[in-house]
Amino acid sequence: MRLRRAVPALCAAAMLLAAAGGPRAAAADAIHVTPGAGALQAALDAAPPGAVLRLTPGVYPGPVVIDRTLTLEGEPGAILDGGGKGRVLSVVAPDVTVRGLMVRNSGTSLAETDAGIFLDKPASGTLIEGNRVENNLFGIYLHGARRALVRGNEVIGRQDLRMSERGNGIHLWAARGSVVEGNRVQFGRDGIFVTTSRKNAFRNNAFRDLRFAIHYMYTHDSEVSGNRSRDNHVGYALMYSDRLRVFDNVSVGDRDHGMLFNFTNKSRIEGNVVRAGRTKCVFLYNANRNLLSGNLFEGCAIGIHFTAGSEGNRIVGNGFVGNATQVKYVGTRHVEWSAEGVGNYWSDNPALDLDGDGIADVPYRPNDLIDQVVWRHPLAKLLLTSPSVRILRWAHDRFPSIYPGGVVDSAPLMRPPALEAG
């Protein structure tokens, strides 16, 4: 009797599971969406939480909004087009995944933060991966979305606007704990701009044809590593931020500064390469208690410009190679750039190492009184070849006590650092 009663119940349960496709099949099966006016938004509104929506090739008009946890992915040729109005794709739910799409043609209002992909505050834990985001005002905008991951995207900004009128490739505001890695960003204003945030990581991204490759404002306890900047106005502009780790980055051919540290404090800048900068390899402006170690600054007009009350910095183990001016420091105090018997390498230092310990036998001073006069009074360049200037420089060599305040390296290295980033 018990068996006879159980059979109908088991049959009914099996029929329900079959109709639903089974619990595993229901989670794995994708909902295919085809192009059509309003088709994508209708599919998003009807999708159950956890669904996978797959867009077949074609153009899907925007704007569209994702308001529940799901995955939106595109087959090759799937395009979201904003038609030049507003935000193309907005996410207002947590743990969403967006991958494999082309997202293009947002509006042009900076005030309205028109963007290709916009993550609002509820979109914590969202993954934006493997998309091509093209011809939008802002490319990908994280507006308070915490713990988001933006990975492996190609972001191509607008070129039809003046640089000041463009948005940033990847923009973060109060996006604590978010990671941006492995992206390629070109054109637009800044490659990555972040403000009012904390515990972010920007790794292994590539930037070109921008104002700033990476621009930090009021963002603390974060990492900038393994990035590549080429032919931008500034490579890495890190401002008003504390306790940063900046390592293994490369800047090549950036116009104004390879690295700029403005009110950046208690940070570690290690193992970076700045090469062929047209103005300055690195600029420290009121940046305090930082460590600069194991970096290579090569082929710039100025290797490092150090000014405006920067205090307590430790600058050791770096290589200054082939810069027209190795150091520009205008001040009356002596600043020591060695520690524990280790200084920096200077390619224009003709020193000897008679004991073979890798440290030059005499201290090195990258600037003299004439340099400081020229910096304060540029017209004095007309006198550089005069007999009086030659006599002053001869006197400096013979009588070091008459040197003005400036940088002193008491233990200059005989070889530059060997860097993998180079």
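The values are calculated or read from the model by the stated rules, or taken from the named source; none is laboratory data. Note that the coordinates shown come from a computational prediction; the quantities given were computed from them, not determined experimentally. Because the Cβ atoms are built from the backbone with ideal geometry, glycine has one as well, and the counts that use them run over all protein chains shown.
Among the conditions (1) among the aliphatic types (A, V, I, L, M); (2) touching a helix residue (DSSP H, G or I) at 6+ places or on another chain (Cβ under 9 Å); (3) within 20 Å of residue 269 (Cβ to Cβ), residue 201 misses just one, which is (2).
Looking at region 89-111, is at least one residue under 21 Å from residue 43 (Cα atoms) and without any contact (Cβ under 8 Å) to a residue 24 or more places away in the chain? Write out each step before concluding.
Our first condition is that a residue be under 21 Å from residue 43 (Cα atoms); within region 89-111, this holds for 89-104.
Adding the requirement that they be without any contact (Cβ under 8 Å) to a residue 24 or more places away in the chain leaves none.
The answer is no; no qualifying residue exists.
As an exercise: evaluate residue 217 against (1) assigned to a strand (DSSP E or B); (2) at pLDDT 95 or above; (3) of a type outside the set (Phe, Trp, Tyr); (4) crowded, with 19+ Cβ neighbours inside 10 Å and give the number of the one condition it does not meet. It is condition (4) that residue 217 fails. Restricting the first member to region 266-283 and to residues that are on the phi > 0 side of the Ramachandran plot and of a type in the set (Gly, Ala, Ser), and the second to residues that are surrounded by fewer than 24 Cβ atoms within 10 Å (Cβ to Cβ) and not in a strand (DSSP E or B), the beta-carbon pairs closer than 9 Å and six or more apart or on different chains are 271/248; 271/294; 271/417; 271/419; 271/420; 271/421; 276/253; 276/299.
Quick one: which of 182, 191 is small (Gly, Ala, Ser), within 23 Å of residue 240 (Cα to Cα) and under 17 Å from the mean Cα position of the chain (by Cα)?
Values: 182 fails: within 23 Å of residue 240 (Cα to Cα).
Among 182, 191, only 191 is small (Gly, Ala, Ser), within 23 Å of residue 240 (Cα to Cα) and under 17 Å from the mean Cα position of the chain (by Cα).
In contact with a helix residue (DSSP H, G or I) (Cβ under 8 Å, 6 or more places away or on another chain), more than 22 Å from residue 81 (Cβ to Cβ) and not in a strand (DSSP E or B): is that true of residue 189 in this structure? Considered against the rule, which asks whether it is in contact with a helix residue (DSSP H, G or I) (Cβ under 8 Å, 6 or more places away or on another chain), more than 22 Å from residue 81 (Cβ to Cβ) and not in a strand (DSSP E or B), residue 189 comes out as yes. Within region 98-144, how many residues are closer than 16 Å to residue 77 by Cα and surrounded by 24 or more Cβ atoms within 10 Å (Cβ to Cβ)? Adding up the residues that qualify gives 5.
Residue by residue through region 154-172, note down the ones that are closer than 17 Å to residue 113 by Cα and surrounded by fewer than 17 Cβ atoms within 10 Å (Cβ to Cβ). Matches in region 154-172: 161, 162, 163, 164, 165.
State yes or no: is residue 382 in a loop (DSSP other than H, G, I, E, B), among the hydrophobic types (A, V, I, L, M, F, W, C) and either modelled with pLDDT under 70 or over 22 Å from residue 264 (Cα atoms) (or both)? Break it down stepwise before answering.
Working: in a loop (DSSP other than H, G, I, E, B): no; among the hydrophobic types (A, V, I, L, M, F, W, C): yes; either modelled with pLDDT under 70 or over 22 Å from residue 264 (Cα atoms) (or both): yes.
No: the conditions fail for residue 382.
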